[in-house]
1. Please enumerate the residues belonging to region 80-114 that are surrounded by 15 or more Cβ atoms within 10 Å (Cβ to Cβ) and hydroxyl-bearing (Ser, Thr, Tyr).
2. How do the pairs read when you match residues in region 79-108 that are at positive phi with residues anywhere that are in a helix (DSSP H, G or I), using Cβ under 9 Å and keeping only pairs 6 or more apart or on different chains?
3. Against the condition farther than 22 Å from Leu136 by Cα, of a type outside the set (Val, Ile, Thr) and open to solvent by less than 10 Å² (accessible area, probe 1.4 Å), how does Ala75 come out, does it pass?
4. Would you check if there is a residue in region 47-54 being open to solvent by less than 40 Å² (accessible area, probe 1.4 Å), more than 27 Å from Phe108 (Cα to Cα), within 19 Å of the chain's Cα centre (by Cα) and not basic (Lys, Arg)?
5. Failed condition for Asn170, given (1) of a type in the set (S, T, N, Q); (2) on the phi > 0 side of the Ramachandran plot; (3) touching a residue at least 12 places away in the same chain (Cβ under 8 Å), with all others met?
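The values are calculated or read from the model by the stated rules, or taken from the named source; none is laboratory data. Because the structure is predicted, anything quoted here is derived from the model rather than measured. Cβ coordinates were reconstructed from backbone atoms using ideal geometry, including for glycine residues, and neighbour counts include every protein chain displayed. Each accessible area value is taken on the protein alone, full model and side chains, heavy atoms only, with ligands, DNA and RNA left out. Shrake-Rupley method; radii C 1.70, N 1.55, O 1.52, S 1.80 Å.
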Amino acid sequence: MLEKMGDFFDSRTEGYEEHQLNTIDFAQEFYPFTAGCLPEESGTKILDLGCGTGLELDEFFAINPDAKVTGIDLAAGMLNELKKKFSDKDINLILGSYFDVPFGEAQFDAAVSVESLHHFTKEEKIPLYTKLKAALKTGGYFILTDYFAMSDEEEITRRQELLRLRKEQNLPDGEFYHYDTPLTVGHEKEALLTAGFSSVEVLKNWDHTYTLKAAVL
């Protein structure tokens, strides 16, 4: 049975970090790499979409301990763990969906998301990315590290399977359920550019996991 997104991650808070770091290929490399792509200036303001327990922040605060971070996540348990870890840091934590939470205008120097956005369609992402682009200052950027479908066929097949399961389980529309439906890198770039980002480049990849940088000029 599919689980609601927040419930899925809440129930897996214990052991989440060990799972992410030790069972996901190249996680020991892509979390530090992602953190190293973020601004190093003291007091810089960062928005973290789907922050979880803050694995990317473990690395980032070692580089920039005075950064100001706003983290959004659906799982209360994850946010509680993050708060415990970084009780001495300037962090604003928001329990909710980043699709619904307002980001403000020109508020952040950079944004980041790691292993969170592979559950949504291109059409769902474009309004989110439009809101995100507006929330970044001129010269700001978005670092996205996630895993991607290797072909259009894979992307389509996974989406069709999710729709089949939702219908079979009679799940209501308007709720996000946990099932991985990654886009291709090409379709992710299209979503970001359609949303108004000036450029999107691949910074690095590890097999099917990529780090993208979407800039605001």
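1. Within region 80-114, Ser97, Tyr98, Ser113 qualify.
2. Partner pairs satisfying both residue conditions: Gly104/Ala134; Gly104/Ala135; Ala106/Ala134; Ala106/Ala135.
3. Here the answer is yes, as Ala75 does meet what is asked.
4. Going through region 47-54, the residues open to solvent by less than 40 Å² (accessible area, probe 1.4 Å) turn out to be 47-54.
Okay, now just the ones that are also more than 27 Å from Phe108 (Cα to Cα), so none.
Taking every residue of region 47-54 in turn, none turns out to be open to solvent by less than 40 Å² (accessible area, probe 1.4 Å), more than 27 Å from Phe108 (Cα to Cα), within 19 Å of the chain's Cα centre (by Cα) and not basic (Lys, Arg).
5. Condition not satisfied by Asn170: (3).
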